[in-house]
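Everything below concerns the one structure shown next.
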Amino acid sequence: DTGVSQNPRHKITKRGQNVTFRCDPISEHNRLYWYRQTLGQGPEFLTYFQNEAQLEKSRLLSDRFSAERPKGSFSTLEIQRTEQGDSAMYLCASSFWGFPYEQYFGPGTRLTVT
Amino acid sequence: ELKVEQNPLFLSMQEGKNYTIYCNYSTTSDRLYWYRQDPGKSLESLFVLLSNGAVKQEGRLMASLDTKARLSTLHITAAVHDLSATYFCAVDIDADSNYQLIWGAGTKLIIKP
């Protein structure tokens, strides 16, 4: 069973550095989502792709964040010039495009900005 | 503003007891999802509720959906320690065909022996 995988699982970086996370979705899924979750909160939507097209990006998302999904397979999320407020768990999920749109989540990447 | 509100946010209960978690939402939706999250772990899908009156059960957990009241419940029967986790509900909205999940803040459930 190849579920959603994310790498790295943990990342510690210094403020001002750039970081990149990778997500490999379930192979049959054509939708891929990125969320951010801080302690004690529910996931916060960041962006999503249908195949290689980025269809929606949260208005709350800073220009320092960028995501790609070349060839409609894996996706990367890059954060430039990291700030301490970026410390969070970054979750990736994938789903079929179609009813019932159930999302399957990866294990997450925990980012700590020092 | 679209809101999904869960209550309670924290629940400590004894094994063997019954309890209900409530999820209210402010927008029209026919799809509601329940997820479980263990500490430091990712989210596990529990239930997908797709229509008014939908009821699903798995073991000691039962979820229901009332779209007219914009309310879903997650009922726990004869709780056991293994059910200790944080439970999230999420509502699926169709914003110009861009289906997105709006999440509640989660209910942290602690079940004591």
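The values are calculated or read from the model by the stated rules, or taken from the named source; none is laboratory data. A quick note: this is a predicted structure, and the numbers were derived from the prediction, not measured. Cβ atoms come from the backbone with ideal geometry, glycine included; neighbour counts cover every protein chain shown.
Results, tabulated for the structure shown:
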| item | result |
| --- | --- |
| Top-ranked residue in segment A:98-114 [being more than 9 Å from chain B (Cβ to nearest Cβ) and part of a loop (DSSP other than H, G, I, E, B); ranked as farthest from A:Tyr33 (Cα to Cα)] | A:Thr114 |
| Flag for B:Ile76 being within 14 Å of another protein chain (Cβ to nearest Cβ), among the hydrophobic types (A, V, I, L, M, F, W, C) and touching a strand residue (DSSP E or B) at 6+ places or on another chain (Cβ under 6 Å) | no |
| Complete set of residues in segment A:56-82 that are hydrophobic (A, V, I, L, M, F, W, C), out of contact with any helix residue (DSSP H, G or I) (no Cβ under 9 Å at 6 or more places or on another chain) and surrounded by 15 or more Cβ atoms within 10 Å (Cβ to Cβ) | A:Leu61, A:Ala67, A:Phe74, A:Leu77 |
| Any chance A:Tyr90 is in a strand (DSSP E or B), within 14 Å of chain B (Cβ to nearest Cβ), touching a residue at least 12 places away in the same chain (Cβ under 8 Å) and farther than 20 Å from B:Gly40 by Cβ | no |
| Strands (runs of 3 or more DSSP E) (entirely within segment A:1-86) containing at least 2 residues that are aromatic (Phe, Trp, Tyr) | A:31-37, A:44-50 |
| When residues of segment B:31-40 are limited to those that are crowded, with 16+ Cβ neighbours inside 10 Å and more than 10 Å from chain A (Cβ to nearest Cβ), the one modelled with the lowest pLDDT | B:Leu32 |
| Residue identified as closer than 26 Å to A:Arg31 by Cα, in contact with a Lys or Arg (Cβ under 9 Å, 6 or more places away or on another chain) and among the aliphatic types (A, V, I, L, M) among B:Leu83, B:Leu46 | B:Leu46 |
| Condition met for B:Thr28 (more than 14 Å from chain A (Cβ to nearest Cβ), farther than 23 Å from A:Gly3 by Cβ and either within 10 Å of the chain's Cα centre (by Cα) or surrounded by fewer than 21 Cβ atoms within 10 Å (Cβ to Cβ) (or both)) | yes |
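Residue-wise test of (1) of a type in the set (S, T, N, Q); (2) farther than 30 Å from A:Leu55 by Cα; (3) out of contact with any Cys (no Cβ under 6 Å at 6 or more places or on another chain).
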site: B:Val4; (1), (2), (3): no, no, yes
site: B:Asn18; (1), (2), (3): yes, yes, yes
site: B:Ser29; (1), (2), (3): yes, no, yes
site: B:Gly53; (1), (2), (3): no, yes, yes
site: B:Met62; (1), (2), (3): no, yes, yes
